[in-house]
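Here's the structure, in structure tokens; my notes come after.
The values are calculated or read from the model by the stated rules, or taken from the named source; none is laboratory data. Every value quoted in this text rests on a predicted model; they were computed, and no experiment measured them. Reconstructed Cβ throughout: ideal geometry from the backbone, glycine too, with neighbour counts over all protein chains shown. Ligands, DNA and RNA are stripped out before the accessible areas are found, and what is left, the full protein with its side chains, is counted by its heavy atoms. Shrake-Rupley method; radii C 1.70, N 1.55, O 1.52, S 1.80 Å.
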Amino acid sequence: MKIAIDMDEVLADPIHKFIELYNRDYGIPLDLKLDAGNEIYHHVPAHINNKWFDYINEKGFFRNLPVIEGSVEAVKKLQEQHEVYIVSAAMEFRNSLEDKLDWLKEHFPFISWRNIIFCGDKIVNVDVMIDDRIKNFIDFKGRPLLFTSPHNLLITDYERVDNWQQVLDKLLVQ
């Protein structure tokens with residue numbers, strides 16, 4: 001089976017990084033318990049909610065993101081039985097390309113450069129796609145697995161996984 005795995009909010013945690021930068025710049029605590037269905041920028045005062053876009057466009061934002069718990073071990077296990085690709089819409093944020101590649105080399109060195117796809121639209125021909133954004137499932141012919149993130153908690157139209165153990169339970173042959 002061919003499996004496409006998204007990076008942001010699936011392997012890497014940009015929400016944690018945004019909160020860290022926001023607290024640094026504004027000294028105002030940002031609640032880590034985000035409302036279901038809302039994006040991170042819905043939780044900051046309106047006059048600075050575009051700061052999210054400033055942060056993600058900075059060189060280095062994507063380089064030092066925390067790793068989502070259990071993802072490294074899970075991806076290794078998936079590779080034992082399946083063909084795994086990391087697929088990220090990195091073209092959206094110009095400075096993210098190098099950052100994301102370096103991040104992958106550090107945290108997922110076992111993923112070959114041949115299995116890393118940086119793109120705009122995720123028009124990949126794979127059997128399974130694990131992503132937190134349903135826009136990436138439009139016209140996707142395979143099995144979509146929606147990786148839980150605060151912004152997608154109200155979505156019920158897709159098969160959901162809340163963590164990497166659930167991914168393994170669904171995709172590994174026991």
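For this structure, a couple of remarks:
- The residues of segment 103-136 that are aromatic (Phe, Trp, Tyr) and either in contact with a helix residue (DSSP H, G or I) (Cβ under 6 Å, 6 or more places away or on another chain) or buried (at least 19 other Cβ atoms within 10 Å of the Cβ) (or both), listed by number, are TRP103, PHE108, PHE118.
- Index of the failed condition, ASP99 passing every other in (1) under 24 Å from LYS59 (Cα atoms); (2) surrounded by 15 or more Cβ atoms within 10 Å (Cβ to Cβ); (3) modelled with pLDDT under 95: (3)
- Look at segment 149-174: where a residue is in contact (Cβ under 8 Å) with a residue 60 or more places away in the chain and a partner is assigned to a loop (DSSP other than H, G, I, E, B) and open to solvent by 60 Å² or more (accessible area, probe 1.4 Å), sitting 6+ places away or on another chain with Cβ atoms under 8 Å, you get PRO150/ASP35; ASN152/ARG133; ASN163/GLU69; TRP164/GLU69; LEU171/MET1.
- Being aliphatic (A, V, I, L, M) and more than 16 Å from ILE3 (Cβ to Cβ) is a property that LEU101 has.
- Count of residues meeting criterion [surrounded by fewer than 14 Cβ atoms within 10 Å (Cβ to Cβ) and either free of Cβ contacts under 8 Å to residues at least 12 places away in the same chain or small (Gly, Ala, Ser) (or both)] in segment 137-148: 1
- Condition check for VAL75 on (1) open to solvent by 30 Å² or more (accessible area, probe 1.4 Å); (2) not in a loop (DSSP other than H, G, I, E, B): one failure, at (1).
- One residue from ARG160, ARG114 being assigned to a helix (DSSP H, G or I), more than 30 Å from ILE28 (Cα to Cα) and of a type in the set (Lys, Arg): ARG114
- Matching option when the condition is aliphatic (A, V, I, L, M), under 13 Å from the mean Cα position of the chain (by Cα) and under 17 Å from ALA4 (Cβ atoms), among VAL124, VAL128, VAL87: VAL87
- Among all positions in segment 90-104, there is no residue which is part of a loop (DSSP other than H, G, I, E, B) and of a type in the set (Ser, Thr, Tyr).
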